[in-house]
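J.: Sharing a structure with you now.
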Amino acid sequence: MENILKINQRLEIMLSKNVNSPKFTSRVEEITSNQVMIAMPMQKGHPILLEAGRGFYGKLFDETGVYVFKSKFLTKRMSPLPVWIITPPYDIEKTQQRSFVRFDVAQPLLIEYALENDQENLISLNVVTKDLSGGGLQAVCEKEIKIGTKVNLIITLPEQNEIQVEGEVIRIHKPQIDRPLFWTSIKFIGARDGVRDKISRFIFKKQLELRQKGYNL
């Protein structure tokens, strides 16, 4: 767990594994050898407090996957920041690969590629994503790109610099026969861990925002 639990790591806190159990957002504030401090979960502006020794579940995301763990509430600390002091996580389970967590989201995207018969001049398409994941994306294009085409992608995400990554077109879907619109699936090629991590953090943040609004994901 020490390889994935990091300061400022975003967490999702659940008091039980029941699918209808409320979920609260938190963040790792401090890590020691025998305890972890996390931002105090809140509900409608009020702190969530447990009795000492009460167990709970946590979920975290990183570029290697999604992890669910158990921990126990030890005590609280209100200054300088309100935190839960908890036991180090245990009974850790890896539930799914982050690269397969696709999230429907429309973000600005620049696709650049060369035609087979003209490698010197790049075609540039300003489009939007239909969905995004740590392993690739689906773009909404008005121009068909041949399957197997290598592309350069520049993804614009809120509160982050533009992300540049290479990709390959692996699938094309034309949802409307009479309209020049193509859902273009592109897998990332050689994406650095830092790139995948930025995308994963963005997806996790958007998921948490939707859960806070009452959507079930």
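The values are calculated or read from the model by the stated rules, or taken from the named source; none is laboratory data. Note that the structure is predicted; figures quoted are calculated from it, not measured. Cβ placement follows ideal geometry from the backbone for every residue including glycine, while neighbour counts extend to all protein chains displayed.
J.: For the subset of the range 14-62 comprising residues that are farther than 20 Å from Y90 by Cα and either in contact (Cβ under 8 Å) with a residue 40 or more places away in the chain or within 21 Å of the chain's Cα centre (by Cα) (or both), which member is surrounded by the most Cβ atoms within 10 Å (Cβ to Cβ)?
T.: P22
J.: Also: Could you check the range 1-56 for strands (runs of 3 or more DSSP E) lying wholly inside it with 2 or more residues that are in contact with a Ser or Thr (Cβ under 8 Å, 6 or more places away or on another chain)?
T.: On the way: elements: 10-14, 23-31, 36-39.
Where strands (runs of 3 or more DSSP E) fall fully within the range 1-56 and carry at least 2 residues being in contact with a Ser or Thr (Cβ under 8 Å, 6 or more places away or on another chain), they are 10-14, 36-39.
J.: Output the number of the condition that N117 fails; it satisfies all remaining conditions of (1) touching a Leu at 6+ places or on another chain (Cβ under 6 Å); (2) over 26 Å from R27 (Cα atoms); (3) modelled with pLDDT under 90.
T.: Among (1) touching a Leu at 6+ places or on another chain (Cβ under 6 Å); (2) over 26 Å from R27 (Cα atoms); (3) modelled with pLDDT under 90, the lone unmet condition for N117 is (1).
J.: Can you tell me which of I145, I123, I86 is more than 20 Å from Q164 (Cβ to Cβ), over 23 Å from the mean Cα position of the chain (by Cα) and of a type outside the set (S, T, Y)? Steps first, answer last, please.
T.: Working: I145 fails: more than 20 Å from Q164 (Cβ to Cβ); I123 fails: more than 20 Å from Q164 (Cβ to Cβ).
One residue alone meets the criteria, I86.
J.: Related question: So, in the range 123-152, of the ones that are under 12 Å from L110 (Cα atoms) and touching a Phe, Trp or Tyr at 6+ places or on another chain (Cβ under 8 Å), which residue ends up modelled with the lowest pLDDT?
T.: Quick first cut of the range 123-152, residues under 12 Å from L110 (Cα atoms) only: 123-129, 139-141, 151-152.
Still in the list and also touching a Phe, Trp or Tyr at 6+ places or on another chain (Cβ under 8 Å): 123, 139-141, 151-152.
Numbers: I123: 93, A139: 97, V140: 96, C141: 96, V151: 96, N152: 96.
Looking at the filtered set, the residue picked out is I123.
J.: Next up: If I ask for residues that are farther than 13 Å from E29 by Cβ, among the aromatic types (F, W, Y) and modelled with pLDDT of 90 or more, which ones from the range 60-97 would you list?
T.: F69, F73, Y90
J.: I've got another one for you. Any chance you could count how many residues in the range 97-128 are within 19 Å of G148 (Cα to Cα) and hydroxyl-bearing (S, T, Y)?
T.: Result for the range 97-128: 2.
J.: Conditions first: (1) modelled with pLDDT of 90 or more; (2) surrounded by fewer than 16 Cβ atoms within 10 Å (Cβ to Cβ); (3) under 20 Å from A106 (Cβ atoms). L210 passes all but one, so which condition is the exception?
T.: Unmet for L210, out of (1) modelled with pLDDT of 90 or more; (2) surrounded by fewer than 16 Cβ atoms within 10 Å (Cβ to Cβ); (3) under 20 Å from A106 (Cβ atoms): (1).
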